[in-house]
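Participant: Structure in structure tokens, see below.
The values are calculated or read from the model by the stated rules, or taken from the named source; none is laboratory data. Remember, predicted model here, so these are calculated numbers, not experimental data. Here the Cβ positions follow ideal geometry from the backbone for every residue, glycine too, while neighbour counts run over all protein chains shown. Quick note on the areas: whole protein, heavy atoms, side chains included, nothing else; ligands and nucleic acids left out. Shrake-Rupley method; radii C 1.70, N 1.55, O 1.52, S 1.80 Å.
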Amino acid sequence: MGKKRRANVRTIRDVLKYHFEKRMSQRKIETSTGISRRQVNRLITAYVALNLPWPPPDDWSDDDLEAKLNRKPMGRRSIAAEIDFLYIHEQLKLPGATLQVLYEEWKEELMNDEGKSGLISYQTFCRKYNGWLSKQRLSMRSKAKYGHASYVDYSGSKVPITNKETGEVRHAELFVGVLGGSGYMYAEATWTQTLNDFIKSHVNMFEFFGGSPTTVVPDNLKSAVTRAHIHSPTINDSYQHLCRYYNVMPVPARPRKPKDKPLAEGGVLLAQRSILFCLRKETFFSIEEANNAIRILLDKLNRKNFTKRDGSRFTQWEEHERPLLNPLPAQRYEVALWSRVRAGYDYLVCVDGRRYSVPYELRGEEFESCLTQSSLQLFHKGRSIVRHDRSYTPDDIVILPQHRPPSHSAFSDWSPEDVLRWAAEIGPSVLEQASKMLENVVDRTLGYRRSQMLKSMVKEFGNDVVERACSYALKFGILDTRMLREIINKKLYTLDVSNSPTASIPDINHENIRGSTYYVEVISTKGEHPNDEPSYKGEAN
């Protein structure tokens, strides 16, 4: 004989109806309802013992009827029902809290109040708590709309790529995107989850779908969300510009809320089972080879017929979802990295480890930078300011001449040749002076300062004065610009000097002036001059 099933509320009503109205025996009721004769007898006996009316009142629900028939004395069931599971749940949020400790506390409190009569085991306590917790969870099933959303995520399982020369294995990420209405899937392998690869995968996904949906739902990775928040997350600037280009609104899933993107979670699981598992024995030597194999299995997955409804993901996408997608732009999106930068006092901004110039008037201002494979464009208050060719030289500095102030342009464009050409226009002495001043000058800054000092004197005193001053200075070998200015200030250049500097010194005969002949005599005679005072060295008194 097969095992008898347990009576539910509908069966209880049938048992009571067959007994009170049809006057059937308990054996026939057993045969008709499928429950044991013992259960039939217990139900009828309990109903009669409780003196309940038949038929039961119309306002009695099934729960009311079951509660009256299953009423038991105070025991394990009633004690378990009185446990404050809400308090237990809140206490579990505290650091170090466990169900075992909370159970021991509850047991000790109960024994102090009522003794051991109402105790339940720890296993029953956990089962009761988990049953209560499952009833607190609510899940609202939303009806998917064609063309409304695309859910994207990365798979935890990765794609191994082998280096053909070294044999080193590098693991690539698996990007997965799913359309919400049809479930049409896209998948590709990328080296990383960084912003550049993340944006490229979106561009490829939209082209694979043949259009863009109204919204895209990513996870809270840094490539999509720079600051996660349950209500107002901060979207990455580069990702925001991508969505704006494709007329898509980003709606990131809430942190630790996988139900916000169930299709992405299911798509990742399906990709792992139907794609990665099937490729586990394959060896790929490039990411292009892996993506070719992934595309074949992906097409097979999309065209596979549903088990519980007609069609496939491909047919649902082609018939219902593709016509509702936003059309793709005429030009393919060029992957661009957007960021906010500020120019320093050197009117340079730092982007990707390189420095680029902006107009010096805008030093200290904030800019939006758009970095592509070929260029860097800078925006100030929504207006494009400059476009640089992108540099790939490490620590490079790119400065446009028109961005420098006049003083910086003068220094940057300075060269000794230009200084000598300028000096030749002033006069031959200035040319010779400038040539000797710049001779053997290694430091560019020092040469620039010397030439600027010479130019400032020409501007202050005139060409003729500086020419004469340089002529005077050259006769005495003076090359210092400070001494040259002293010559001009003291008008030494007006003195009449001959070509030989020593010829202008007159002969002066005086008893207090010894002259050069005195020392010649001292050296030649190795004695003392008669006019000198006697030396007492070595003499006794």
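Participant: Could you give the length gained by full extension between Arg295 and Leu479, i.e. 0.36 nm per residue of separation minus their alpha carbon distance, to one decimal place?
Facilitator: Values: separation 184, 0.36 × 184 = 66.24 nm, distance 7.81 nm.
Contour length minus Cα-Cα distance gives 58.4 nm.
Participant: I need to check one value: relative contact order of the range 160-206, counting alpha carbon pairs closer than 8 Å and at least 6 residues apart, in percent. Walk me through the numbers on the way to the answer.
Facilitator: Numbers: 50 pairs, mean separation 12.7, N = 47.
Relative contact order comes out at 27 percent.
Participant: Decide, for the range 214-326, between rounded, prolate and oblate: order the square roots of the alpha carbon gyration tensor eigenvalues as a ≥ b ≥ c, take rounded if a/c falls under 1.5, and otherwise choose prolate if a/b is larger than b/c, else oblate.
Facilitator: Verdict is prolate for the range 214-326.
Participant: Let me ask something else about it. Taking the range 232-313, which trypsin sites (Lys or Arg not before Pro) meet the DSSP loop condition and have no more than 14 other C-beta atoms within 10 Å?
Facilitator: Loop-located and lightly packed - Arg256, Arg280, Lys281, Lys304, Lys308, Arg309.
Participant: Regarding the range 175-244, what is the average projected area of its C-alpha convex hull, in nm²? If you can, show how the numbers build up before the last one.
Facilitator: Numbers: hull surface 19.3 nm².
The Cα convex hull of the range 175-244, projected and averaged over all directions, gives 4.8 nm².
Participant: Any idea what the alpha-carbon Rg over 2.2 N^0.38 Å comes to for the range 161-213?
Facilitator: The reported ratio for this selection is 1.39.
Participant: What FRET efficiency do you get for Arg340 and Glu108 if R0 is 60 Å and r is their Cβ-Cβ distance, rounded to the nearest 0.05?
Facilitator: 0.50
Participant: Here's another thing I want to ask about it. What is the gain in length, in nm to one decimal, between Leu324 and Arg444 on full extension, counting 0.36 nm per residue of separation less the C-alpha to C-alpha distance? Before the final figure, lay out each step's value.
Facilitator: Values: separation 120, 0.36 × 120 = 43.20 nm, distance 6.64 nm.
Here the answer is 36.6 nm.
Participant: Sort 181-193, 340-352 by the packing proxy (mean of other Cβ within 10 Å over each peptide's residues), most packed first. Don't skip to the answer; put the middle values down first.
Facilitator: Details: 181-193: 21.6, 340-352: 16.0.
Taking the mean over residues of other Cβ atoms within 10 Å, the ranking is 181-193, 340-352.
Participant: Further question on the same structure: Return the carbon/sulfur percentage of the accessible area of the range 313-439, one whole number, probe 1.4 Å, all protein chains in place.
Facilitator: On the way: 3620 of 7350 Å².
Of the solvent-accessible surface of the range 313-439, carbon and sulfur hold 49 percent.
Participant: Next up: With Rg and the Kirkwood Rh both taken from Cα atoms, where does Rg over Rh land for the range 143-273? List each step's numbers first, then the result.
Facilitator: Numbers: Rg = 14.8 Å, Rh = 15.1 Å.
Ratio of gyration radius to Kirkwood radius for the range 143-273: 0.98.
Participant: Top to bottom by accessible area (1.4 Å), largest first, where do Ile29, Ile296 land? Mind showing how you got there, number by number?
Facilitator: Details: Ile29 0, Ile296 120 Å².
Descending accessible area places them as Ile296, Ile29.
Participant: Enumerate by residue number the chymotrypsin sites (Phe, Trp or Tyr not before Pro) in the range 200-287 meeting two conditions: DSSP loop (anything except H, G, I, E, B), and at most 16 other Cβ atoms within 10 Å of the site's Cβ. All intermediate terms of the calculation are to be shown ahead of the outcome.
Facilitator: Details: sites: Phe206, Phe208, Phe209, Tyr239, Tyr245, Tyr246, Phe277, Phe284, Phe285; in loops: Tyr246, Phe277, Phe285.
For chymotrypsin sites (Phe, Trp or Tyr not before Pro) across the range 200-287 that sit outside H, G, I, E and B with at most 16 neighbouring Cβ atoms in 10 Å, the list reads Phe277, Phe285.
Participant: Something else now. Give me the dipole magnitude in Debye, nearest 20, for the range 394-474 about the Cα centre, with unit charges on the beta carbon: positive for Lys and Arg, negative for Asp and Glu.
Facilitator: Values: 9 positive and 12 negative charges, 47 e Å.
Once rounded to the nearest 20, the dipole reads 220 debye.
Participant: Let me ask something additional. How many Å² of accessible area per residue for the range 224-378, probe 1.4 Å? Kindly include the intermediate steps, with their values, before the conclusion.
Facilitator: Values: 9180 Å² over 155 residues.
Spelled out: the 1.4 Å probe surface of the range 224-378, per residue, equals 59 Å².
Participant: Please compute the length gained on full extension between Asp64 and Leu52, using 0.36 nm multiplied by the number of residues separating them and subtracting their Cα-Cα distance. Don't skip to the answer; put the middle values down first.
Facilitator: Details: separation 12, 0.36 × 12 = 4.32 nm, distance 1.20 nm.
Extra length available between Asp64 and Leu52 comes to 3.1 nm.
Participant: Compute the label zone of Lys459 within the range 391-424: residues whose backbone N is under 11 Å from the point 7 Å along Cα-to-Cβ.
Facilitator: 407
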